[in-house]
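S.K.: Just dropping this structure here.
The values are calculated or read from the model by the stated rules, or taken from the named source; none is laboratory data. Remember, predicted model here, so these are calculated numbers, not experimental data. Here the Cβ positions follow ideal geometry from the backbone for every residue, glycine too, while neighbour counts run over all protein chains shown. Quick note on the areas: whole protein, heavy atoms, side chains included, nothing else; ligands and nucleic acids left out. Shrake-Rupley method; radii C 1.70, N 1.55, O 1.52, S 1.80 Å.
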Amino acid sequence: QVQLVESGGGLVQAGGSLRLSCAASGSISRIIVMGWYRQAPGLERELVARIFSGGSTNYGDSVKGRFTISRDNAKMTVYLQMNSLKPEDTAVYYCVAGVPGRWSDFWGQGTQVTVSS
């Protein structure tokens, strides 16, 4: 099993920044991708960003140019730098890790991000 521990959520004003962190532990040897999903009330869960062990990244359209995902392979930690935050970024953000063929196999408990207008 893999355990994911998130940190860094909170309340910020529109235009501000936050940085989320997620550390993986446990059976991590097969993990090839880590990332973030988010879910706002009444909406479906959506991909925010993910990064593969080789360094390639994917971003959701709504965050491109504002959010940056990075990864410290030695620490098995992934970071999400969120800039120019908007009220519509308000959601619970979930850290996700995956293995070959199952890119979202493990989920963290979620951290709340609230952006006030």
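S.K.: What area, in nm² and to one decimal, does the C-alpha convex hull of region 42-117 cast on average over all directions?
M.R.: Hull-based average projected area comes out at 5.8 nm².
S.K.: Another question, then. Between Lys75 and Ser117, take the C-beta separation as r, use R0 = 25 Å, and let me know the FRET efficiency to the nearest 0.05.
M.R.: After rounding, the FRET efficiency stands at 0.10.
S.K.: Also: In whole Å, what is the distance between the alpha-carbon centres of region 12-77 and region 85-113?
M.R.: 7 Å
S.K.: Relative contact order (percent) for region 35-117, with alpha-carbon contacts under 8 angstrom and 6 or more residues of separation?
M.R.: About 26 percent, as a whole number.
S.K.: Find the accessible area per residue for the chain; the probe is 1.4 Å, ligands and nucleic acids are left out, and the unit is Å².
M.R.: Per residue, the chain has 50 Å² of solvent-accessible surface.
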